[in-house]
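Have a look at the structure below, then the notes.
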Amino acid sequence: MIEVKHLNKTFDGHNALTDISVQFPKDQTTVIVGPSGSGKSTLLRSLNFLERPESGIYQFDSDEIDLSQPISNKTILSIRRRTEMVFQGYNLFPHLSVLQNVMEGPIQVQKVKKAAAQQAAIDLLGKVGLAEKASVYPSQLSGGQAQRVAIARSLAMHPEYIFLDEPTSALDPELELEVLKVLLQIASEKQSMIIVTHNMAFAQQVANKIVFIEDGHVLYDGGSDAFFETDNQRIKDFISAMT
Ligand code: ADP
Ligand code: MG
């Protein structure tokens, strides 16, 4: 399991995250919600060392990293090998076909044999509903299709966790839906995920747990049902503003 304890992150003296202590259970989907600028992306990026918090403990199973100490590249690489980040903007390789995009990581990073990587990629494209797009290039895909390829590409690495930062915020509603369906399917297969989203209906469907952040503080950390049934006026206001 991934856990952070007393994590603090500032930008130019401004507190982006203050004393964050959260567990992200394995085999579950944790959804991070909160207003714009509340620190959601900073928290997610800290879990992948794209941001460097000033202090706190980052625990990944039995590995405990003191964030206030210098962190070796070896440690950062080992965390990144165990996790995959899916961004809002897909980041597919434009010069590679869809199939090659999905095969590339396993072959280059994990030294998987080409035939095995290709078969796995074909299977994963089927899983995200894009088997027939294997040979096209990313520029020929819709945003929803591109994001599904990005998800297939991350799954191809068999990460322990997938981090997704507003994976559908660039998409029109009907394209959003096809991506959310894929994520719901993956969640039902117990892929450990941490998802930042503004889509409350999706959050309610997919989340095992919800973390609500406001102004760099955790205001709620618990079950999804209790979050959507809360009496906390601040959270109620947030949910109704988002839906
Ligand atoms: P969210 O993802 O919830 O919208 P962010 O994590 O992006 O919020 O940002 C949290 C706070 O940190 C905001 O006040 C934002 O302006 C600030 N911030 C984020 N990234 C940077 C950065 N690279 N430099 C300076 N300030 C930043
Ligand atoms: Mg963000």
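The values are calculated or read from the model by the stated rules, or taken from the named source; none is laboratory data. Treat the numbers as computed from the prediction; the structure is a model and nothing was measured. Ideal geometry is used to build each Cβ from the backbone, glycine not excepted, and the neighbour counts take in all protein chains shown.
Details
- Answer residue from segment 192-225, given it is within 16 Å of ligand 2 (Cβ to nearest atom) and among the charged types (D, E, K, R) and is surrounded by the fewest Cβ atoms within 10 Å (Cβ to Cβ) among those: Asp215
- Any strands (runs of 3 or more DSSP E) falling wholly within segment 23-78 and containing at least 3 residues that are in contact with an Asp or Glu (Cβ under 8 Å, 6 or more places away or on another chain): 55-60
- Single condition Leu96 does not satisfy, out of (1) within 15 Å of ligand 1 (Cβ to nearest atom); (2) in contact with a helix residue (DSSP H, G or I) (Cβ under 9 Å, 6 or more places away or on another chain); (3) farther than 26 Å from Ala207 by Cβ: (1)
- When we screen Ser154, Ser192 for residues that are touching a Phe, Trp or Tyr at 6+ places or on another chain (Cβ under 6 Å) and within 27 Å of Gln108 (Cβ to Cβ), the only hit is Ser192.
- Contacts under 8 angstrom Cβ, first residue in segment 1-27 being farther than 16 Å from Val211 by Cα, partner aliphatic (A, V, I, L, M) and in a strand (DSSP E or B), 6 or more apart: Asn8/Leu17; Asn8/Ile20; Lys9/Ala16; Lys9/Leu17; Thr10/Ala16
- Check on Pro35, more than 16 Å from ligand 2 (Cβ to nearest atom), under 18 Å from Ile210 (Cα atoms) and within 19 Å of the chain's Cα centre (by Cα): no
Yes/no matrix, rows are residues, columns are (1) surrounded by 15 or more Cβ atoms within 10 Å (Cβ to Cβ); (2) within 16 Å of ligand 1 (Cβ to nearest atom); (3) modelled with pLDDT of 95 or more; (4) under 20 Å from Ser38 (Cα atoms):
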position: Ala156; (1), (2), (3), (4): yes, no, yes, no
position: Pro159; (1), (2), (3), (4): yes, no, yes, no
position: Phe163; (1), (2), (3), (4): yes, yes, yes, yes
position: Glu174; (1), (2), (3), (4): no, no, no, no
position: Leu183; (1), (2), (3), (4): yes, no, yes, no
position: Lys190; (1), (2), (3), (4): no, no, yes, no
position: Phe227; (1), (2), (3), (4): yes, no, yes, yes
